[in-house]
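A short worksheet on the structure shown next.
The values are calculated or read from the model by the stated rules, or taken from the named source; none is laboratory data. Everything numeric here is computed off the predicted structure, so don't read it as measured data. Using ideal geometry, Cβ is built from the backbone for each residue, glycine included, and neighbour counts are taken over all protein chains shown. Just the protein is used for accessible areas: all its heavy atoms, side chains included, with ligands, DNA and RNA removed. Shrake-Rupley method; radii C 1.70, N 1.55, O 1.52, S 1.80 Å.
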Amino acid sequence: MHCIGIDLAWGLKNPTGLAVLDEGGRLVHVSAVRTDDEIVAALEPFVTGPCVVAIDAPLLVTNETGNRRAERELNADFAKFQAGAHPTNQGKPEYTDGDTRGGRLGKRLRLDLDPRSGRDRRGIEVYPHAATVALFRLGRTLKYKNKPGRTVDGLRAELLVLMGHLEGVPELDLGPDWVALRSAVQTATRKSELRVVEDQVDAVVCAYVAWVAVRRPDEVTTYGNAAEGAIVTPTLPPDLKPGPPLAAVADPAQRAIQVYADGFAGTAAAAEQALALVTGLLDEAGINYLSVAGRAKTVASFAEKATREVDGVRLYADPLAEIGDTVGVRVITYVQSDVVAVAELLGDQVVVHDDRDLGSQTAREGRFGYSSRHLQIGLDAARAGEWPALVDRRVQVQVRTVLQHAWAEFEHDIRYKGTVPAEHASEFDRRFTLAAGLLELADQEFTAIRERLRTPSPAAAADDEDPDDPRIAPRELAAFLAGQYADAGWSRPDHYDWISGLLLELGVTSLVELGEVLRTADDAAIAGRMGYRYPPGAVRRLDDALLAGFGQRYVDLHGNADRRAALAARLAKLTSP
């Protein structure tokens, strides 16, 4: 079943936003059109089978004046959140005789317009303002709609906050089209440019309301009825309190939340650059890792943390200054020695403001439990021009092994969701502790296995090697380098494949030829020149040896096109008097 959102314009001059989610919550279509014919044509592939179409526009108007029953009921709940619906009646020219654009469109799409019918092809009227308040626990509506006195910068900031909320919904997979919409918002210089994106974002909200209505019908409320017009929206949380406008905010936490929301676009840009920075440092150093991921803390997550209390006392007196993980990067390694290598690399390449080994802290207390290396890093002046979004920002980098990560994610998921019954809390604590101890032993064994495999051994024959590939097989190269650089760490599997391509460009196509190339390399001198302050991987060691041996020819290889500046700097180290 497809869940479709239509942010329907009042007339044909303004754009109508369209969005379609599949059963898995994946955004499979998003666009802006104008005429009804264009709407029908765009949605045709998605309405041939079961579907729920959520339309932000009245579908039925029977009252001659005033509000419809649906609007009166919705306003009783949402008006105090600045999310009340405007009056709809037949006295307005667009609704004369109860004929509405939304209703006509529903009929063209052959939809049942009774929201309670349960049929597999139906249309529902929705209201995004109310929906966002309920879905994202907003104290007030976001001011991304153009009105007198609102600036482009202000509209952009509020729209990016809404987009951040949607990006934080784990059920949604928004994909590349959404990334393009975010980019369009970030680069918009006119209100009209924001308007086109705004309608499509609202359409995604509508589609998500339909998605929730289908999968969790007990979490939506239907105001009004099918005979007089009905509005479906996520149910307002009973404990949600209205928020004052920014100028009236006195609570430091609420003021911090709104300031954070206004600056979220910059935080998101900083997160992208932090991920690129850390990944580039690891790859340049040749350190082996499983994955690197980055994120900007969503506004909703920041709000939850900023208002967190213990025994009735707020944890953060100044949330903007004290919450240190608004920009985060997580590095997952295979073994513990790589965690140390990553921390040493960061200490060498960037400014480390704080470094906490939480696993060591737990061990000193005689316990087993959460293990992770947490570093707060920033830029030095030399890198400011390359990474402008990170200037004057701190980034939290978490480094842990894959086993430590598995334990942390599972433990957080169980405890955070509050699924541990009180009577079983002590038993679960004991089981989590037992699991942590076993995983620590497993980490130690994996380290021992890797150390043993570093000793030279004959290369195993690879059944999947291509006999027509002239390059040295990556598996053979890995075995060779394990013997050549016995004290080096492993490199990422794809790095062996990459450097074998560089060897081919140099005309080196066998291990015998590679051995001849490396015979004259002075490994000790190269290491001294490079001044390694972290254990470089085997591929990095080979990379430097080839740079020392071939000089500028190596820098100019086609496969090095994207890193010539970095290689030139390293070559200068190797050749300076």
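Annotations for the structure displayed:
- Meets criteria (open to solvent by less than 50 Å² (accessible area, probe 1.4 Å), at positive phi and either modelled with pLDDT under 90 or in the same structural domain as L345 (by the TED database) (or both)) for G507: no
- Test: residue in segment 557-569 that is loosely packed, with under 12 Cβ neighbours inside 10 Å, modelled with pLDDT under 90 and over 31 Å from the mean Cα position of the chain (by Cα): yes
- Screening segment 528-549 for residues that are open to solvent by 20 Å² or more (accessible area, probe 1.4 Å) and within 38 Å of the chain's Cα centre (by Cα) and picking the one that is modelled with the highest pLDDT gives R541.
- Residue tally, condition part of a loop (DSSP other than H, G, I, E, B) and open to solvent by 40 Å² or more (accessible area, probe 1.4 Å), over segment 474-494: 4
- Which numbered condition D22 fails, given (1) open to solvent by less than 50 Å² (accessible area, probe 1.4 Å); (2) of a type in the set (D, E); (3) under 24 Å from E193 (Cα atoms): (3)
- Selection from segment 198-220 of residues that are aliphatic (A, V, I, L, M) and assigned to a helix (DSSP H, G or I): V201, A203, V204, V205, A207, V209, A210, V212, A213, V214
- Summed over segment 86-136, the residues that are assigned to a loop (DSSP other than H, G, I, E, B) and among the charged types (D, E, K, R) give a count of 7.
- Test set (1) closer than 26 Å to A253 by Cα; (2) in contact (Cβ under 8 Å) with a residue 40 or more places away in the chain; (3) open to solvent by 10 Å² or more (accessible area, probe 1.4 Å) - P115 fails condition number: (1)
- Flag for G154 being of a type in the set (G, A, S) and at pLDDT 90 or above: no
- Residue match in segment 41-58 (condition: over 27 Å from N225 (Cβ atoms), surrounded by 13 or more Cβ atoms within 10 Å (Cβ to Cβ) and in the same structural domain as E198 (by the TED database)): yes
A quick yes/no check of all residues on (1) in contact (Cβ under 8 Å) with a residue 60 or more places away in the chain; (2) under 29 Å from the mean Cα position of the chain (by Cα):
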residue	(1), (2)
I4	yes, yes
T16	yes, yes
V20	yes, yes
R34	no, no
I39	yes, no
L43	yes, yes
F46	no, yes
L60	yes, no
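- Pairing each residue of segment 314-325 that is assigned by the TED database to the domain that holds I257 with any residue that is outside any helix (DSSP H, G or I) and open to solvent by 70 Å² or more (accessible area, probe 1.4 Å), provided the two are 6+ apart or on different chains, yields C-beta distances under 7 Å for L315/R308; L315/E309; G324/R394.
- Residue match in segment 517-526 (condition: in contact with a Gly (Cβ under 8 Å, 6 or more places away or on another chain) and in contact (Cβ under 8 Å) with a residue 40 or more places away in the chain): no
- Test: residue in segment 139-152 that is farther than 30 Å from V61 by Cβ, assigned to a helix (DSSP H, G or I) and either open to solvent by less than 60 Å² (accessible area, probe 1.4 Å) or basic (K, R) (or both): yes
- Failed condition for A317, given (1) under 19 Å from the mean Cα position of the chain (by Cα); (2) of a type outside the set (S, T, Y); (3) in a loop (DSSP other than H, G, I, E, B): (1)
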